[in-house]
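To start, the structure itself, in structure tokens.
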Amino acid sequence: MMKPRIGISACLLGRKVRHNGGDKRNDWLVDQLGRFVEWVPFCPELEMGLGVPRPTMRLKGKLKDPQLIVKGTEQNLTLLARSTAERLLSEDLKLDSFIFKKGSPSCGLEHVKIYGKNDSPSSSAIGFFAAAFKEKNPSLPVIEEGRLSDPRQRERYLVKLFAFVRLRRLPREVASLQNYHKNQRFILMAHAPGHCRRLGAIAANSENIGVNELFSNYQSLFLDVINTSPSCNHWINVLLHMLGFFKNEISGGEKQQILRTFDDYRCGALPLIAVMTLMHHLAEKYSNRYLLDQAVFEPYPKGLLVMDRN
Ligand code: SF4
């Protein structure tokens, strides 16, 4: 598969583009995810022609219409920020996702402080560049780097990103979409079982609609599904469903042992990956091709470490 092309706030890659000449290098992004994706770095404030070092900026004013102001002055850079974002996003950059620096009045995706009249934070909003990006690309998976410090959110983002990229890179053929849906089935079931069935009906294409319309219908519902957080109960249902494939192969005692690991996952004593590894082992032992082809066993590239080493 071609590497995902991910836009990123340049300071997260260690580029010295911050107002004070520093960076905000994120080791996991650079050392782990960076091995499996193509970065497309942006520093919107540098692109505004403000140089390094430059004065600090803040969002100021009302929640509905915050302005980008140079800290400690009345200098208003809102129009410059808007026109710069428009210029940067005017061409099709063929991005699959964007990772934003948190808290920045330009790059922050959420909870960027808006300062009121007495110079204290009164509310929060999205940064100028992040807002323009989202408006132009409403369906792309995006995230703030701060959320990626939580391994669960990191994993969720990776599952979403690689499932989305696999779908985007599919040859525009009905058979490829049907095969894709078959292999993503357990991931989709864990996110939204009802919608998973609807996606299956779309992929089946019983009305024989044109391939472009078919892909567009599938992708739009797919994004709704993949943006829904999977629940523990949904994962348990997926695991039980998988276990059903071995009802003629395993003994009653083995089944009870496996069900106990599901309970351990349910109460938080075991991570999902441990139970999935057990199911993968069963699929290999009994050469179950349907299960072995499921993306749930390798939702993102092997070798990409989700947990920090220390
Ligand atoms: S947060 Fe955005 S604008 Fe600020 S230094 Fe990083 S890339 Fe540049």
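The values are calculated or read from the model by the stated rules, or taken from the named source; none is laboratory data. Remember, predicted model here, so these are calculated numbers, not experimental data. With ideal geometry, Cβ positions are generated from the backbone for all residues, glycine too; neighbour counts draw on all protein chains shown.
Modelled with pLDDT of 95 or more, farther than 30 Å from VAL174 by Cα and of a type in the set (Phe, Trp, Tyr) - does that describe any residue in the range 206-228?
No, the conditions are met nowhere in the range 206-228.
Is the range 175-184 home to any residue that is of a type in the set (D, E, K, R) and either over 23 Å from the mean Cα position of the chain (by Cα) or not in a helix (DSSP H, G or I) (or both)?
The answer is no, given that none of the residues of the range 175-184 is of a type in the set (D, E, K, R) and either over 23 Å from the mean Cα position of the chain (by Cα) or not in a helix (DSSP H, G or I) (or both).
Quick one: in the range 5-19, which of the residues that are touching a Lys or Arg at 6+ places or on another chain (Cβ under 9 Å) and part of a loop (DSSP other than H, G, I, E, B) is surrounded by the most Cβ atoms within 10 Å (Cβ to Cβ)?
So, considering only residues that are touching a Lys or Arg at 6+ places or on another chain (Cβ under 9 Å) and part of a loop (DSSP other than H, G, I, E, B), the one surrounded by the most Cβ atoms within 10 Å (Cβ to Cβ) is ARG18.
Conditions: (1) at pLDDT 95 or above; (2) more than 9 Å from the ligand (Cβ to nearest atom); (3) surrounded by fewer than 16 Cβ atoms within 10 Å (Cβ to Cβ). LYS64 meets all but one. Number of the miss?
All conditions pass for LYS64, except number (1).
Can you name the residue in the range 24-51 that is over 24 Å from ARG87 (Cα atoms) and in a loop (DSSP other than H, G, I, E, B) and is also farthest from the ligand (Cβ to nearest atom) among such residues?
Among those residues, the one meeting the criterion is PHE36.
Would you pick out the residues in the range 180-213 that are surrounded by 19 or more Cβ atoms within 10 Å (Cβ to Cβ) and more than 21 Å from LEU291 (Cα to Cα)?
ILE202 - this is the single residue of the range 180-213 that is surrounded by 19 or more Cβ atoms within 10 Å (Cβ to Cβ) and more than 21 Å from LEU291 (Cα to Cα).
Looking only at residues in the range 20-39 that are touching a residue at least 24 places away in the same chain (Cβ under 8 Å) and under 16 Å from the mean Cα position of the chain (by Cα), which one is surrounded by the most Cβ atoms within 10 Å (Cβ to Cβ)?
Residue satisfying both the conditions and the ranking: LEU33.
Answer yes or no: is there a residue in the range 235-251 that is of a type in the set (Gly, Ala, Ser) and farther than 20 Å from LEU291 by Cβ.
The answer is no, given that none of the residues of the range 235-251 is of a type in the set (Gly, Ala, Ser) and farther than 20 Å from LEU291 by Cβ.
Does GLN75 meet the test of being more than 16 Å from the ligand (Cβ to nearest atom) and over 30 Å from LEU167 (Cβ atoms)?
yes
Can you work out which of the residues in the range 40-49 that are more than 13 Å from ILE99 (Cβ to Cβ) and hydrophobic (A, V, I, L, M, F, W, C) is surrounded by the fewest Cβ atoms within 10 Å (Cβ to Cβ)?
Residue satisfying both the conditions and the ranking: LEU46.
If ALA163 meets every condition in (1) small (Gly, Ala, Ser); (2) crowded, with 20+ Cβ neighbours inside 10 Å; (3) farther than 23 Å from GLN32 by Cβ apart from one, which number is that one?
Only one criterion is unmet by ALA163, namely (3).
Here is a list of conditions, (1) more than 16 Å from the ligand (Cβ to nearest atom); (2) surrounded by fewer than 21 Cβ atoms within 10 Å (Cβ to Cβ), and LYS113 meets all of them except one; can you say which number that is?
The failed condition is (1).
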